[in-house]
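I have placed the structure first, in the form of structure tokens, so that the comments after it can refer back to it.
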Amino acid sequence: MNIKGYFVSIFRKIKHWLQSLSFRTGVIVLLCCIPFYILSFAQMLLPISVTAKGILWTVLFGLAKTCQYGGLTILGVEGYKRLKSKFKKKTEPDATK
């Protein structure tokens, strides 16, 4: 097996494992990206060197993206539709008017 095939098989195993997790876990992981996004930009206000700010931004933004894509992988298409439907306004026809 070549190196590319090895990494592809590892990523497939990780994806399969993530998709086996529950809907609730997916939502929690997806919501974890919000604080990381906030911290990645809020740290720019700290009185530290530009190099340290760059490193902090890279790490925090990377964690935010990891949580975002990990959460979406856990949820999958059906979980995403389920989550989206919970946030949509439920418009029911008003029979009293």
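The values are calculated or read from the model by the stated rules, or taken from the named source; none is laboratory data. Values in this document were obtained by computation on a predicted structure and should not be read as measured data. Glycine also receives a Cβ, built like all others from the backbone with ideal geometry; neighbour counts cover every protein chain displayed. Ligands, DNA and RNA are excluded from the accessible area calculation, which covers all protein heavy atoms including side chains. Shrake-Rupley method; radii C 1.70, N 1.55, O 1.52, S 1.80 Å.
What nm value, rounded to one decimal, do you get for the distance between ARG12 and ILE48 when each label is placed 7 Å out toward the C-beta?
If labels sit at ARG12 and ILE48, their model points lie 4.1 nm apart.
Name the residue, out of ARG12, ARG82, ARG24, whose mean-square fluctuation peaks in a Gaussian network model built on the chain with Cα pairs under 10 Å.
Evaluated over the chain, the most mobile residue of the options is ARG12.
Calculate the tail of P(r) for region 9-86: the fraction of all Cα-Cα distances greater than 16 Å, expressed in %. Walk me through the numbers on the way to the answer.
Details: 1695 of 3003 pairs.
I get 56 percent for the Cα pairs in region 9-86 exceeding 16 Å.
Would you tell me the accessible area of TYR6, worked out with a 1.4 angstrom probe on the heavy atoms of the protein chains, in Å² to the nearest 10?
110 Å²
Taking Cα atoms, how many degrees apart are the long axis of helix 3-19 and the longest axis of the chain, rounded to 10 and kept between 0 and 90?
So the helix axis and the longest Cα principal axis differ by about 40 degrees.
How large is the accessible surface of ILE74 in square angstrom, using a 1.4 angstrom probe and rounding to the nearest 10?
10 Å²
Run the accessible area of the chain with a 1.4 Å probe and give the carbon-and-sulfur part as a rounded percent.
Values: 5520 of 7980 Å².
Carbon plus sulfur share of accessible area: 69 percent.
Among THR73, THR25, THR58, which one shows the highest mean-square fluctuation when the chain is modelled as a Gaussian network with alpha-carbon springs under 10 Å?
Judging by the Gaussian network model, the answer is THR58.
Which of the pairs LYS4/LYS88; LYS53/LYS81; LYS53/LYS86; LYS15/LYS84; LYS53/LYS88 have their Cα atoms more than 31 Å apart in this structure?
Check vs 31 Å cut-off fails for LYS4/LYS88; LYS53/LYS81; LYS53/LYS86; LYS53/LYS88.
Would you tell me the accessible area of VAL50, worked out with a 1.4 angstrom probe on the heavy atoms of the protein chains, in Å² to the nearest 10?
Solvent-accessible area, nearest 10 Å²: 120 Å².
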